[in-house]
Amino acid sequence: MRFTKKAAGMTATAITVAMLAAACGGAADAETPADAPAADAGNGSLIPDSGRVGAMETFEVGDRFQASEQITLDMLYRVHPNYPIEDDWLIVQQFEDMGVVLEREDILMADWDTRRAMLIASGDFPTFVPVVWGGQESAWWAGGNLLPISDFLEYMPHAQHFIEAWDVEDELEGRRQEDGSIYNLPGLREMPNIESSFLINKDLFEAAGAPTEFDTFDDFAAAMKLVQEHGDVDFAYSPRWNTQASGPLGAALQIAAPNFGTTAGWNREVSIFDHEAGEFVPRVETEGFRELVEWFAGLNEAGVLDPEITQEDDAAVAKFINGRSAVIETNPGEMDGAIRRGAEDLGLDLNVTMITVPAGPAGNNITGGQLGPGFVLNSSIADSPYFLATLQFLDWIFFSEDGREFALWGVEGETFERDADGFPVLAEALGGADANATEILQQQFGFRDGVWMQNWGGSNALLQSGMTPEVREWHNAMNEIKTALPVNPAAPMTESETEQMTLVQESTQAATDTGVAQFILGNRSMDEWDTFVQEILSAGAQQITDLMNDAYQRAQG
């Protein structure tokens, strides 16, 4: 498997984590070096004896957490509407067997962002808050209510180990705030997230004499044009996931952008870092951003693109299932769920495949991030008798392979077994490999709930353990051909700078979304692109870029 990172002056090859072993101890034991770091269990100065109640005397890489006496973890809990938490869930019982009793303040997902922000800003919030995306903590840390978790990584041996082993030090540095501390500890991935692509109806492509594999985005466009001209469709491509938060074609632009050397869509950056020039530049000024918009505008001009680029998901999915379109955005879960299962419910048999994302003018790339959502801790934990035990437990559940497998699959012998290749499969008593493991594990047992199983966390082997053979093959193909673009360097801002950026960021993004949609739909000629760039710079893109460069230069100094 070939996987590379584009970085200044070097190429780093991600390590291969051993296949999840059937033996007790899991993959982490098989790969742990003899000199792996261990947490300080003595009388260190950062955590006094009074903060070590329930902690393990020694806690090293590969160890499973077991409290030496019962501890209490008070937390905000994000409740998913499809699988609200039950006190008798197996995962809750397992935590109690480990000596961890949860005291939860439950918040519905719809209220999560608002309620969480209000509580953290007030300082009156539980010790542990999960599901915090990178950057969200920027609005909270200056008030002193969050623990600078970077000061205590020595007590989290699994996090330390994988930060180094998976070469994420530089990216993690980007999470430091203006005072030099990290307050949100993110989930870690062995490789960048590879999840979304385009789904095609193979029968419609083949009937039109079009290929079903594409080396470049131009090849993909040419194939869609054949489907439009010779197939029985309204539009060859009808987009979905056009959310208000990401603008029209949010998913499609996100998927394609790295191959044009830029970011777009779901990625809301106004400025991106030019690694050759060594500075942030307005994204709208880059050649890759213009080429990306121009490619989608070309689809519209050719009659390939459905002009309903703000339509709801249900409408786009219905068009694809009923054969009125032949291309739609997807991820593995949506391919097997909304698309295939939706077709089966209507008595339809779709022959679909998720394509490997083609190359573009800038190469065959993916966005390079290996960090996922993380967690923050109330600074009051420094006075808790369970300080060290809490750090050990969170280190195990979020950063050890054993803990991450537990959060994803549950308990071996009860909820899952292993196939001949060592991959976990749902236990025979629960339906085996043919059952819908996700729904069963989420609704009946509490695993894969998005709180303990942080998105994008774990080794490539663990990630692939939850995939069907079809998706695993696609994932391997993407890993083989794609190169990860370097991430933006750290540019931590002061509170004043953050406020200045916040004032103009939303309006700048809204103006960008509006303009991009106009160009793509042909309501504005690409001849006016330079004028558009100046409009976005004046709307706030230049101000944001200046703030980013000031913060970056200060961090370098």
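The values are calculated or read from the model by the stated rules, or taken from the named source; none is laboratory data. Keep in mind that this is a model prediction, so the values were computed, not measured. Cβ placement follows ideal geometry from the backbone for every residue including glycine, while neighbour counts extend to all protein chains displayed.
Quick notes
- The number of residues in region 79-126 that are outside any helix (DSSP H, G or I) and either more than 23 Å from residue 384 (Cβ to Cβ) or touching a Phe, Trp or Tyr at 6+ places or on another chain (Cβ under 8 Å) (or both) comes to 20.
- Among the residues of region 133-154, the ones that are of a type in the set (A, V, I, L, M, F, W, C) and at pLDDT below 95 come to 5 in all.
- Residues that are touching a strand residue (DSSP E or B) at 6+ places or on another chain (Cβ under 8 Å) and not assigned by TED's automatic domain parsing to the domain that holds residue 288 number at least 2 in the following helices (runs of 4 or more DSSP H) confined to region 322-431: 387-399, 401-409.
- Residue tally, condition over 25 Å from the mean Cα position of the chain (by Cα) and either modelled with pLDDT under 95 or farther than 17 Å from residue 185 by Cβ (or both), over region 362-379: 0
- Candidate set: region 209-268, residues that are among the aliphatic types (A, V, I, L, M) and in a loop (DSSP other than H, G, I, E, B); chosen: the one surrounded by the fewest Cβ atoms within 10 Å (Cβ to Cβ): 245
- Check on residue 273, touching a residue at least 60 places away in the same chain (Cβ under 8 Å), part of a strand (DSSP E or B), among the hydrophobic types (A, V, I, L, M, F, W, C) and buried (at least 24 other Cβ atoms within 10 Å of the Cβ): no
- The residues listed here are 442, 518, 556, 534; of these, the one that is in contact with a helix residue (DSSP H, G or I) (Cβ under 9 Å, 6 or more places away or on another chain) and over 23 Å from residue 258 (Cβ atoms) is 518.
- Among the residues making up region 166-203, those that are outside any strand (DSSP E or B), closer than 24 Å to residue 472 by Cβ and among the aliphatic types (A, V, I, L, M) are 168, 191, 194.
- Checked against the criterion of being surrounded by fewer than 18 Cβ atoms within 10 Å (Cβ to Cβ), touching an Asp or Glu at 6+ places or on another chain (Cβ under 7 Å) and either at pLDDT below 95 or among the polar types (S, T, N, Q) (or both), the candidates 502, 531, 514, 494 yield just one match: 494.
- Residue 342 closer than 21 Å to residue 513 by Cα and buried (at least 17 other Cβ atoms within 10 Å of the Cβ): no
Condition check ((1) modelled with pLDDT under 90; (2) over 20 Å from residue 416 (Cα atoms); (3) under 17 Å from the mean Cα position of the chain (by Cα)) across all residues:
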{"residue": "441", "(1), (2), (3)": "no, no, no"}
{"residue": "445", "(1), (2), (3)": "no, no, no"}
{"residue": "468", "(1), (2), (3)": "yes, no, no"}
{"residue": "475", "(1), (2), (3)": "no, yes, yes"}
{"residue": "487", "(1), (2), (3)": "yes, yes, yes"}
